[in-house]
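The values are calculated or read from the model by the stated rules, or taken from the named source; none is laboratory data. What you are looking at is a predicted structure, and each value in this text was computed from that prediction instead of being measured. Here the Cβ positions follow ideal geometry from the backbone for every residue, glycine too, while neighbour counts run over all protein chains shown.
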Amino acid sequence: MKQAKAKRDSWGSRLGIIMAVAGSAVGLGNFLRFPVQAAGNGGGAFMIPYLVSLFLLGIPLMWIEWTLGRFGGGFEHGTAPGIFHSVWQKNRFIKYFGVIGIFGPFVIFVYYTFIESWTLAYSYYSLKGVLTALPDQAAMQSFLKGFQGLEKNAFFSGLGPAYVFFLITFFANIAIIFRGIRGGIELLCKIAMPVLFIFGIFLVLRVLTLGTPDPAKPSWNLMNGLGFLWNPDLSALKSGKVWLAAAGQTFFTLSVGIGVILTYASYLSKGDDVVLSGLTAVSMNEFAEVILGGSIVIPAAFVFFGPVEIAAVAKQGAFDLGFVTTPLVLGRIPMSAFFSFCWFALLFLAGVTSSVSLAQPAVAFMEDEFDIGRKKAVGIFAAVAFVLSQPAIFWLGRGVVNELDFWGGTFCLVLFGTVEAILFAWVFGIDRAWEEIHRGADMVVPRQYKFIIKYVTPLFLLIILGAWFFQEGLPTILLKGVSAADRPFVIGTRIGLVALFAALAVFVRIAWKRRARRQKELA
Amino acid sequence: MTVSGWFFFILSWLVILGMNIYCLKKVFSKKELK
């Protein structure tokens, strides 16, 4: 006799799923990428295209993903292949397109946990007082490179300490996922998110009370620091690049286009609200980004580095800003070890609430489509993810992480987001979609959004996809800027990714054949 | 910071804080999951 299918997991409370979605969205980018984008793209004026993109692109996409996820969950599908197939049952190929919704988050998980582990390590080094004792940018850079295993120096003689922190982080993630949706992810997010906001508010209050720390340099003060970020350059609004940067920031900050929100929402019941919950998750993410992210790094760096150096600081990559400049800045204020710990603990909590969400689609796929129990599914996931994490750790300086980030963290997101918006508005049909969005809704979506979801959001996404492809996608695909020494590593990573995608597509095919066979047996 | 800097700073904070207050107030006053 065949065993009955195990009941799907579910959320314990409404605040739980809101916190989990917000936790998935709030990441390092909120605190590091946003202020750099704003400072470099018109300052305060950046907020005009940013808010326009939020209301025309971010919020509609969030509603689309929540609605599609809940709809697919009704058919016991928690991942994009099944959800897309439920929406467009006549199309045999759409389920293969949905593979991106498992592939993308899995690829991001593979390198993200390693980066997340740096924040845990830096929290530890902050408390030990090691970080705050480093005198300048050069020492901080050297510390980071030694820690990452990119060079042997006075601080580190190898990758050992970084690997220990990676193991702790990786298995902490696995332990949380192992405990399931309600007992693991929801519990984590309900604790971690308020703590993250408390650490963030501590840091904002500290930065906003910095005043003028060096009386010999009266212009290096907080007001001018805030001015560096917020004084608007209205001429920037004429630049298409600025609008594109704002739209890209909105898109990436909300974790839409990954497939994670689809999976999270699939654990809702048919009559649960998605409109208010989705909007609340967006609001929480924006609080972390604009209120907290916009008030910590850049204003504090201005106060200690002054108007000349801050321009170079603002042009740094997010990693240098987070791991080199910020600890240096925090090292110069009283109770530096505590505030430096707050900063890295905040980044760690932002990281862990995102990484557990990245693991969930692959685990849900095994549970829903192959009836594999959660513990076994998490075991398989852990083994595969652990093995595939190793190239990202040992060949970090060889462009492997950049390659993984390009495909998993950028290309797939934009493509997936565009297709799901078109699928929702045009294949599912806007009238049916509108009815589905409002099923059990606790607030009414303004009528104008019917037009926005049907025309504006897909068009906006197509423009971003096209512009991004020619500006950044094509040069990366053609290996522009990759040194000859790194090419074998980058090409090897690319081949591995193609193989992974193909393997997942084969699993989808097997799952559908299995499902068809079972339906025949039942008939 | 210039007057226009303050304008964008305060406006952004008001929009984001307003969204949060509106949503959280509604979330806590509405029904739980089914």
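Remarks
- Number of the exception - A:Ile422 against (1) in contact with a Pro (Cβ under 7 Å, 6 or more places away or on another chain); (2) in contact (Cβ under 8 Å) with a residue 40 or more places away in the chain: (2)
- Of the criteria (1) in a helix (DSSP H, G or I); (2) within 8 Å of another protein chain (Cβ to nearest Cβ); (3) charged (D, E, K, R), which one A:Glu289 fails: (2)
- In region A:149-162, the residues that are in contact (Cβ under 8 Å) with a residue 24 or more places away in the chain and part of a loop (DSSP other than H, G, I, E, B) form Cβ pairs under 7 Å with partners that are small (Gly, Ala, Ser) and surrounded by 13 or more Cβ atoms within 10 Å (Cβ to Cβ), at six or more places apart or across chains, as follows: A:Gly149/A:Ala162; A:Leu150/A:Gly397; A:Leu159/A:Gly149.
- Among the residues here, A:Leu244 qualifies as more than 14 Å from chain B (Cβ to nearest Cβ), closer than 25 Å to A:Thr418 by Cβ and either touching a residue at least 60 places away in the same chain (Cβ under 8 Å) or surrounded by 16 or more Cβ atoms within 10 Å (Cβ to Cβ) (or both).
- Among the residues listed as A:Ile201, A:Ile168, A:Ile181, the single one being in contact (Cβ under 8 Å) with a residue 40 or more places away in the chain and within 30 Å of A:Phe394 (Cα to Cα): A:Ile168
- Residue within region A:257-270 that is hydrophobic (A, V, I, L, M, F, W, C) and within 20 Å of B:Ser12 (Cα to Cα) present: no
- Condition met for A:Lys376 (of a type in the set (Lys, Arg) and either farther than 25 Å from A:Gly73 by Cα or under 18 Å from the mean Cα position of the chain (by Cα) (or both)): no
- Residue match in region A:1-9 (condition: buried (at least 24 other Cβ atoms within 10 Å of the Cβ), touching a residue at least 12 places away in the same chain (Cβ under 8 Å) and either away from every other protein chain (no Cβ under 14 Å) or closer than 24 Å to A:Met193 by Cβ (or both)): no
- Restricting region A:15-37 to residues that are of a type in the set (S, T, N, Q) and under 12 Å from A:Gln249 (Cα atoms) leaves a set whose member that is farthest from the other protein chains (Cβ to nearest Cβ) is A:Gln37.
- Residues of region A:301-316 include at least one that is among the charged types (D, E, K, R), at pLDDT below 95 and in a loop (DSSP other than H, G, I, E, B).
- Lone qualifier among A:Phe197, A:Phe202, A:Phe252 - being under 30 Å from A:Val99 (Cβ atoms) and under 26 Å from the mean Cα position of the chain (by Cα): A:Phe252
- From the list A:Gly473, A:Gly466, the lone residue that is in contact with a Phe, Trp or Tyr (Cβ under 9 Å, 6 or more places away or on another chain), closer than 18 Å to A:Leu413 by Cα and surrounded by 12 or more Cβ atoms within 10 Å (Cβ to Cβ) is A:Gly473.
- If the condition is being surrounded by fewer than 22 Cβ atoms within 10 Å (Cβ to Cβ) and either more than 14 Å from every other protein chain (Cβ to nearest Cβ) or part of a loop (DSSP other than H, G, I, E, B) (or both), then region A:38-57 contributes A:Gly40, A:Leu56.
- Exactly one residue out of A:Ser283, A:Ser277 is under 30 Å from A:Gly12 (Cβ atoms) and free of Cβ contacts under 8 Å to residues at least 60 places away in the same chain: that is A:Ser283.
- Summed over region B:16-34, the residues that are within 7 Å of another protein chain (Cβ to nearest Cβ) and surrounded by fewer than 15 Cβ atoms within 10 Å (Cβ to Cβ) give a count of 3.
- Considering residues of region A:58-73 that are β-branched (Val, Ile, Thr) and either under 15 Å from A:Thr250 (Cβ atoms) or surrounded by fewer than 24 Cβ atoms within 10 Å (Cβ to Cβ) (or both) only, the residue farthest from the other protein chains (Cβ to nearest Cβ): A:Ile64
- Boolean, A:Gly12 is buried (at least 24 other Cβ atoms within 10 Å of the Cβ), outside any helix (DSSP H, G or I) and either more than 13 Å from every other protein chain (Cβ to nearest Cβ) or in contact with a Gly (Cβ under 9 Å, 6 or more places away or on another chain) (or both): no
- The set of residues from region A:184-213 being assigned to a loop (DSSP other than H, G, I, E, B) and not hydrophobic (A, V, I, L, M, F, W, C) comprises A:Thr209, A:Gly211, A:Thr212, A:Pro213.
- Restricted to region A:214-276, the set of helices (runs of 4 or more DSSP H) holding at least 2 residues that are more than 29 Å from A:Trp66 (Cα to Cα) comprises A:222-230, A:240-253.
- Per-region count, region A:478-498, residues surrounded by 13 or more Cβ atoms within 10 Å (Cβ to Cβ) and more than 22 Å from the chain's Cα centre (by Cα): 9
- Residues of region A:302-335 classified as of a type in the set (A, V, I, L, M), closer than 13 Å to A:Val207 by Cβ and in contact (Cβ under 8 Å) with a residue 40 or more places away in the chain, total: 3
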